[in-house]
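Okay, so here's the structure we're looking at.
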Amino acid sequence: MHQTFYIDADEEISSVIDRLNRSMSSVNYFVVPKRAIFLLSIINLKLLKSEAEKFGKKIVIVTQDELGASMAERAGLEVKRTIDDVESKDQSLTTYQEDVIEEDIVLKESQEYSDELQDKKNRLKGVGTNDFYVEAGDFEKKIPVISSVDKKIETKRVKMNGIFDMRGKSKISSSGGISHSLHANKEQKNSGKSLFEGSMDQDKTRILEKMYSSVKTNQKNINNEKSHIVSGTSKKIFVSFISLCTVFLVFIAGYLFLPSAKVTIVQSALSEKVDVVVQGSSEIATDGQNNIKIRVIEKEKEISMSYDAQGSQGGPGKKAHGSIIIYNEYDSSPQTLVATTRFESADGKIFRLIKNVIVPGTTLIGGETKPGAIEAEIVADQAGEDFNLQPSSFKIPGFKGSPKYDKFSAKSTENFAGGSLEGGENSSSVSQQDIDSAKQKTEKAISEELKGLLAVELAEGEIILEQCEKISISKSSTRAKAGIVADKFDYVVSAKIKALVFAEDDIKKVLIREFEKRSDIKDIKFEISKLTYGLAVADFEKNTLELKIRGDFSVIQNIDTEKIKKELLGKNGDEIDEVFKNNKGIKNANVEFSMPFISQIPQYSSRVNIEIDKESLE
């Protein structure tokens, strides 16, 4: 069984679905004109297909609209181009049934019409003229009786499957269709119209039928349009209401559960200075006093370093050199003799003083005057073996003509050596400057090596100050003499270091004890941020130390983050600032909200996170 529906061009999808729902057939054909409204929306077509699948019905769209047919096929609906395509499939199966139905309908119609005419005649007997019924009778006689054999009567074929007849422009019920003429007879019977209306001219009858059919169709379309307008408006209002409710609920849920706040607190750090004088001793310090224990470290070392001779000696040969003792018998005042001062031997050879010397004055011992004396190095003024003298006496030519000439003298106790005519020009020699430089460098080197030995001896946490070190040099000399011809020479230094060391933790303990005496440490955190060591006085004989120290303390007020969090819940604007102002130790704070349009701290503590900016304290 299938049923066919004819769709108007302006008919909406709700009306089409309503027709589908009222259909009793499992297969439904929808004949749709070109540019029909519902056929131009893929959403409408999918909605129609969904409704058909919901009720287990099949839909076939019959249309010549190419665009609409394409969209229907995209929506998964079967499409036919003409109604004849539908009818041709069922025509061979229904022809025999249609013929039988037509005969039954015509016979039934003729019988009903005859019965109705007889009933009218009985009820209207005596009304009108005498020839009225005669004419009626004549008319009755003229009505032909349709037999089952006569196939020439122009009746519209009706199908049992309920397809609309395109030629008759009338609809057929799903329980069994009939032609429009049969509908007219039923309407006559039900409405009580004149018995003789059936004899009206056929042209007039068709005109009246079209008139009434048009009125009914227009009324139906008006009702459908009103229904569609009301239905569409209601849907829009309902959808708008649901949307507003959803947005409101989302906003409320977001306001209550989604917002969060991050509070970053910068603590205010104060700085305090504590100055103390610490006493150190190698003995155990007394508890409760500013005393610390020190440890004594001693190290000794000797080093020898080789240096290149930077001096030069002009002319061929080498100069002799040796040691002399200079005597001062002039007076008790010391006499300074500068380098290169000339000394003349008894045989007239000239030697020169290598470096400055100070000759002591005379001294009185047991009523006897003793001359001052000092040893010095001299070198020959010229090269040659002749200057390799045996022990001899010397005078200072520079004092000649003055009383000092006879009162200042010198003697050598050993032979002079080194004098020779061999050797090229500009040969290397050891100068006094070379010796002085070697002395300075060697003593510095041994000092660094001794300090290195101390560093190795230090325990973890121990400190040694430069003021607590003492280096004693026991030997600093070279066998090379100034003026000798040589390419290299060695310098030897022997030294000893003594140091008083202490543990820095002991110093901090003294400072902390002093700080706690001065400050209330109940609600604060503090730490030593810097230590400055001042004057240190070390007694290396008694192994004691007096040390001035300054400690810089960073003081931070304790912050109860949970307490602040509870105070902040639900606050905004000035209320937040007031909470921060009422808590000591907060320098400033920054509040970051997860949502830009929210400016209030959430009501739930789990949505609030408080952090302390530790970097600001460093």
Fill in: Rounded FRET efficiency, nearest 0.05, which uses the C-beta distance separating LYS496 from ASN356 and R0 of 51 Å
0.95
Worksheet item: What's the Cα-based Rg to Rh of the range 487-618, Rh via Kirkwood?
Response: 1.32
Worksheet item: What residues have an amide H closer than 5 Å to that of PHE343, excluding those fewer than 5 places away on the same chain, when H is modeled at 1.01 Å from N in the peptide plane?
Response: PHE351, ARG352, LEU353
Worksheet entry | Percent of C-alpha pairs per 5 Å bin, the range 366-505, short to long | 2, 7, 12, 12, 12, 11, 10, 9, 7, 6, 5, 3, 2, 1, 0
Response to the item:
Proxy exposure order for ILE512, ILE42 (fewest C-beta within 10 Å first) is ILE42, ILE512
Discussion item. Just to be sure I follow the rule: in the range 319-423, considering lysines 8 or more places apart or on different chains, how many pairs have Cα atoms under 18 Å apart?
Written reply: 14
Worksheet entry | Modelled FRET efficiency - R0 45 Å, SER243 with GLU78, Cβ distances, 0.05 increments | 0.80
Practice prompt. Pairs to check: LYS57/LYS235; LYS299/LYS530; LYS470/LYS530; LYS441/LYS470; LYS293/LYS542. Give those whose C-alpha atoms are more than 21 Å from each other in this structure.
Written response: LYS57/LYS235; LYS299/LYS530; LYS470/LYS530
Discussion item. Checking the a/c ratio against 1.5 first, then a/b against b/c, what shape does the Cα gyration tensor give for the range 292-407?
Written reply: oblate
Worksheet item: What is the magnitude of the charge dipole of the range 556-618 about its Cα centre, with +1 placed on the Cβ of each Lys and Arg, -1 on the Cβ of each Asp and Glu, and no other charges, expressed in debye to the nearest 20?
Response: 180
Discussion item. Just to verify a number: FRET efficiency for PHE399 and SER477, C-beta to C-beta distance, R0 = 25 Å, to 0.05?
Written reply: 0.25
Discussion item. So if the hydrodynamic radius of the range 446-502 is defined as the Kirkwood radius over C-alpha pairs, what does Stokes-Einstein give as its diffusion coefficient at 10 °C and 1.306 mPa s, in µm² per second?
Written reply: 116
Worksheet entry | For the range 412-465, the fraction of alpha-carbon pairs in successive 10 Å shells from zero, as % | 16, 23, 23, 17, 12, 8, 1
Worksheet item: Stretched out fully, how many nm does the piece from GLN390 to GLU53 gain, at 0.36 nm a residue minus the Cα gap?
Response: 107.0 nm
Worksheet, complete the sentence: Karplus ³J(HN,Hα) for the range 592-604 (6.51 cos²θ - 1.76 cosθ + 1.60, θ = phi - 60°; Hz, whole; x = Gly/Pro) runs 10, 9, 6, 10, x, 8, 9, 10, 10, 5, x, 7, 9
Worksheet, complete the sentence: HN-Hα couplings for the range 501-511 via Karplus (6.51, -1.76, 1.60; θ = phi - 60°), in whole Hz with x for Gly/Pro, come out as 10, 8, 8, 5, 4, 5, 5, 5, 4, 4, 5
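Values in this text are rule-based calculations from the coordinates and carry no lab data. Just so it is clear, the model here is predicted, and its values are computed rather than measured. Note that each Cβ is placed from the backbone with ideal geometry, even for glycine, and that neighbours are counted across all protein chains shown.
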